[in-house]
Each structure stands twice: as structure tokens, then as C-alpha cells.
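Below: one structure, written as C-alpha cells.
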Amino acid sequence: MAAVMAPFVGALAAFALGGRNAQRVAMLTILAGLGIVAAAAHSGGGLVYLLGGWAPPLGIALRADGLALAMMLAVAVVVLGIGVYACAGFKTPPGEREARAPFVFWILLLAIWGSLNLVFVSGDLFTLYVALELLTFAAVPLVALDGSAETLRSALRYMLYALAGSVFYLLGTMLTYGVYGTLDITLLGARVAANPVTVTAVALMTVGLLAKTALFPLHLWLPPAHAGAPPAASAVLSGLVIKGSWFLVIRVWFDVFPGVVTMPSAQLLAGLGAAAIIVANVVALRQERLKLLVAYSTVAQIGYLFLMFPLAFDAGAAEIGRGGALTGGLLQAISHATAKAAMFMAAGLAYGALGHDRIAALAGVARALPLTVLTFALAGVALMGLPPSGAYVAKKLFFDAAGSSGQWWWELVLDTGGLLTASYVVLVLAHALVRTDAPIAPRKPVPRIAELAALALAIASLALGFVADGALGLDALWGKLTLSDLWSAVLVLAGGAAIAAAFARDLPQIFGGAGRFAFGRPLRAAAVAVGGAFAGADGILRRWPVASLALLAAAFAFGAALLAG
């Protein structure tokens, strides 16, 4: 309970004290909250708190199992990193008693943190809904923190589509309560049975949560929202906020309706994830701005989080169950949270120093901002799933689950995703490493503390592999990395460079520039045409009428897939 209440108490204290005190209160709260979560995680899980002393179904229970504690600890670490990074960008200017942006940012950061903790420990479906709405309404203002017309439009788009997802989720919750008379997750898990009303509820709740998570093709709001927000806010939105609704999908599928979900529905969910990995990565290569590239990278990385569902399905028991695939999904989520937050922070530092984030004009950045470029590179390594990152261990677990279940096609998706991720990371680094005749003079000094905070999160994403490897007893990293692993990493980077040379809009000098292409102009022209087609399709999918129809179509598709099982 203290882990949930501490951020909200800190937010209220920051609001009451205001001015320069908001930042101080927020940082003290973050440090105290991290200690509370670490102590809870040390207990090993199984914690239950009954609100008001009333047990379900009359009361509400908060439950902190292993999944919840792992996510809470990861979120606390990322919040600390973002908080340290934001101390330079969101501080009250000298001579002013209070500034709007810093005051709002610190309160919203704590509110998002508290809402996420409530999502992780909530023990019934309606409390989960309340927590998710708190998370949404704390996240939306972050998008429009600078007050410009463009970010206001992005925030409004985010809010409206998220509310549409909330309506779907709430309808499913109402149907569930009407049939079973309770919303407690534990009680529902023992009572639910496959029937038309339950299938409808699962389909509605799943699609509503996918809209909030921005899984392709329900990603209408994510690219403009994440790309337009300030760097620290983008790190919060991409690294943390989307994990809340994703975690709810896990609760709904694994804990509430494990015997109702079917293999066809799990395959459909992972199919959308595979489409996200392929389409969004190619579209990311077509971007001119670094923050938009990283935003589309987020759309692609979300896809990985849903590959675990068919891999966790137990065909013998005809239900989804906990196992290595679920552990891999959890590791993937934590690795993404740390790496993507670091990548957005690095992009923000580059923007602040240069005054722009045009990828084609990044020449000389590596010389001017070596720590920032190193952070981007390490975060990219983690997102590719190369050793020793947490995503590497997650990929190993996915491969094991795919091999044991005979679902080899998901292994191909994982390998393809690694190559596509490497393509845009290599592209950005190739531009940044181009030497200029004269050193770049940063427009303003880059805070060293912000660089170190971003670098620490990138390193944490890599160190996660060793931590997870030891905790799970996999023995896949400690002294086991061989030349074949190194050779595989080299092949991923080389394959990524080839894909970047084919699909990227602007080629750096190391690729021969835009005027000549070493592997043949026809191939380059065909690849550019395919990339343009993907970008055009993405633009159509992110129009309101199409996105609304996609929401309805996804609900019908999941209903049919659930009935097909």
C-alpha cells in the first residue's frame, strides 16, 4: 500500500508547496518510493492488502505477486533515471518563484508513477479501470506540456482514442460483472467459463487495452504524441505509460480468462505484434526527424510484447499458462522501458545541443556529444536483443517456447525484428559518426548529469541480462558467450546496415550518399518504393475514420478468434 500511496502523497505535497519545492519534493519522493518498492520486492511477492479490512467480493484487495513487484521495481528505477535527467530541463528559472512547465511536470511524473503502481497491484477489474484512467489523464497533459497548437492536437488525439479504448474495456467489465457477480480477479479466475457473453467481454476488453497500448494498427495517437512531447515526457510515455495497459492484457488473459482465450486469438494478437515489428520499423527508416524515428521504433517494440501470448498457450490444457514465455515477455517489457527511455533522452540531448533533430544533419554529433551517441548506441544494442541485454535473455526464452511448441514462424519474426531494429540504429550512428571540417558548437551546454542519467538507463538495460540470467538460472550469459554469439551480433549489424542502405530516405556518406548505391539503383528504387508504400499505408491507418473502423474490426476479429477455439 505504501508503494502506491507514496507517489500520490508526494504529488499532493508538491502541488501544495509549489514553486521550486515541487522538484525537491518529487526527487525525495522518488528516492523514498524506490526504497519502499525495493523492500517489497525483497519480500518475494505474495503480499495482499484488503482495503478497509473487507475481503472480496465485498471489499477490494491489492495483491503484489512476482510480476507486479518486478514491474514496480523496474518502473521505480526508470522514474529515478528520468527524474535525474529532468532536473536540468525542468527546473524553475533563476529569479522566478514558479514556472508552469516544471511545476506541472513533477506533479504529473509522480501521478503517473503512482497510477502505474496501482495498475500493477490492483486485484479487481474495476480498480484496474480506475488506475488506468488515472494513468491516462496524468499522461495526456505531458504531451502538451509546451502549450503549442501541434502538441495540443496530439494530446487531444491521444485522449479521445484512449477514451474510446476505455469504453470498450468498461463494457467488457460490465458484461463480466453481470454474468459472474464479482470483479475480483482471483474469484473470476475460478468461475469463468466460455460462453457468448464472456467471449464478448474478453474481445471488448482486449481491444480497448490494445488501443491504449497503441498496438498496430491501433496506433493513431502514439507517433505524434511521443515525438512532440519534451524529451523527458517522451521517455515517460514510451518507456512507462504504455506498459500499464499491456500489463492489464496480461491480467485479463493469464489470470481472469485463461480458459476462455484460444490459440487462434493468441495467434491473432501475436500477428498484430508481428505486423507492428515489420511495418513500424520500415516506417521508422523513412523518417527525417530523430524523435519521430524513435517514436515509430516504440510502435515496433510494442509488437514484441505480444509475441509471448501464443508461445505461452498450453495446447494440452487448452488454456494460456504461466511459464518461460511470460517471463520472456516481462523481461522484454523491462528491457524496453530502460532502453527506450534512454534513447528518447539521448535524442532530446542532441536536439537541445543542435537546435534540431534532422537525421541527415547529425554529422559531427559523435564528436561533440560522445556520451549521448554512446547512450543511443547502447540503447540500440538492447533493443536489437543482442547480448548481454535483458532482451537477449527474453529472446532466448521466446526461442525455447517456440521450439517446444513447434511455432517456428515466431522465431523468424524475432530474427527479422532484430535486423530491422539494427537498421535504424546503424543509420543514425552512421550519420552521427560522419566527420565535419570543424567541430560542432552546441547551441547551449549539455548538462553532464542528464547525459549520465541517460547512459545509466542504457547500461541498466544491458546489465538486466546478467541479472535475469542469474535469477532464472539459465546460465546463458555467465561465461557462456561464444564466438558464434559474437558472429551473430556482427551479422545482425551487417544485415541492418544493408536494410538501412536499401530503405532509408537519406543515406550518409559511409553508404555512398544519396547519389549512388553500391548494390544497384534498381534494388534501391524498389526498396524506397516499398518503404514509401508502408509510410503511405501508415498515414491512412492513422486517420480518424480508418482508426475507428480498425477498432471495431479488431473487436469483431477477436470475437471470431475466441469462438473459433
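The values are calculated or read from the model by the stated rules, or taken from the named source; none is laboratory data. None of the values given here were measured: they were computed from a predicted structure. Cβ coordinates were reconstructed from backbone atoms using ideal geometry, including for glycine residues, and neighbour counts include every protein chain displayed. The accessibility values were calculated without ligands, DNA or RNA, using every heavy atom of the protein model including side chains. Shrake-Rupley method; radii C 1.70, N 1.55, O 1.52, S 1.80 Å.
Magnitude of the charge dipole for the chain, about its Cα centre and with charges confined to Cβ atoms of Lys, Arg (+1) and Asp, Glu (-1), is about 1360 debye.
Given a Förster distance of 25 Å, report the FRET efficiency between Phe15 and Arg358 from their Cβ-Cβ distance, rounded to the nearest 0.05. Can you show the working numbers first?
Numbers: r = 38 Å, r/R0 = 1.53.
Approximately 0.05, to the nearest 0.05.
Quick one: Cα centre-to-centre distance for the stretch 351-427 and the stretch 256-318, in angstrom? Distance between centres, Cα-based: 16 Å. A simple spin-label model places pseudo-atoms 7 Å from Cα toward Cβ; at Arg443 and Asp146 they are separated by 0.9 nm. The label-point distance for Leu50 and Leu371, in a model that sets each label 7 Å from Cα toward Cβ, rounds to 5.2 nm.
For Glu288 and Asp65 in the same chain, what is the full-extension length gain: residue separation times 0.36 nm, less their Cα-Cα distance, in nm? Can you show the working numbers first?
Working: separation 223, 0.36 × 223 = 80.28 nm, distance 4.32 nm.
Extra length from Glu288 to Asp65 when fully extended: 76.0 nm.
Taking a Cβ cut-off of under 12 Å around Arg358, the surrounding Lys, Arg, Asp and Glu residues balance to a net charge of 0, with basic ones at +1 and acidic ones at -1.
What does the charge count near Trp106 come to, summing +1 for each Lys or Arg and -1 for each Asp or Glu among other residues with Cβ under 11 Å from its Cβ? Write down the numbers at each step before the final one.
Numbers: positive: Arg20, Arg24, Lys91; negative: none.
Combined, the nearby Lys, Arg, Asp and Glu give +3.
In the stretch 373-462, the alpha-carbon atoms span a convex hull of 89 Å³ per residue. Taking chymotrypsin sites (Phe, Trp or Tyr not before Pro) in DSSP loop conformation with at most 14 other Cβ atoms inside 10 Å as exposed sites, the chain has its longest uninterrupted site-free stretch at 55-407. If eta is 1.306 mPa s and T is 10 °C, what Stokes-Einstein diffusion coefficient results for the stretch 162-211, Kirkwood Rh from Cα pairs, in µm²/s? Result for D is 147 µm²/s.
Normalised by the residues of the chain, what does the relative contact order come to in percent, with Cα pairs under 8 Å and at least six apart? Relative contact order, the chain: 14 percent.
So, for the chain, what is the accessible surface per residue at a probe of 1.4 Å, expressed in square angstrom? All intermediate terms of the calculation are to be shown ahead of the outcome.
Values: 20790 Å² over 565 residues.
With the other protein chains kept in place, the chain gives 37 Å² per residue.
Enclosing the Cα atoms of the stretch 6-99 in their convex hull gives a volume equal to 108 cubic angstrom per residue. Size descriptors for the chain (Cα atoms only): Rg and Dmax, in that order, 22.7, 72 Å. Exposed loop sites here are trypsin sites (Lys or Arg not before Pro) assigned a DSSP state other than H, G, I, E or B and surrounded by at most 12 other beta carbons within 10 Å; excluding them, the longest clear run of the chain is 98-434. Protein heavy-atom surface of the stretch 100-160, 1.4 angstrom probe: 72% of the accessible area is carbon and sulfur, with nucleic acids and ligands not counted. Using a 1.4 Å probe on the protein chains only, how many percent of the accessible area of the stretch 217-311 belongs to carbon and sulfur? Accessible surface attributable to carbon and sulfur in the stretch 217-311 totals 69 percent.
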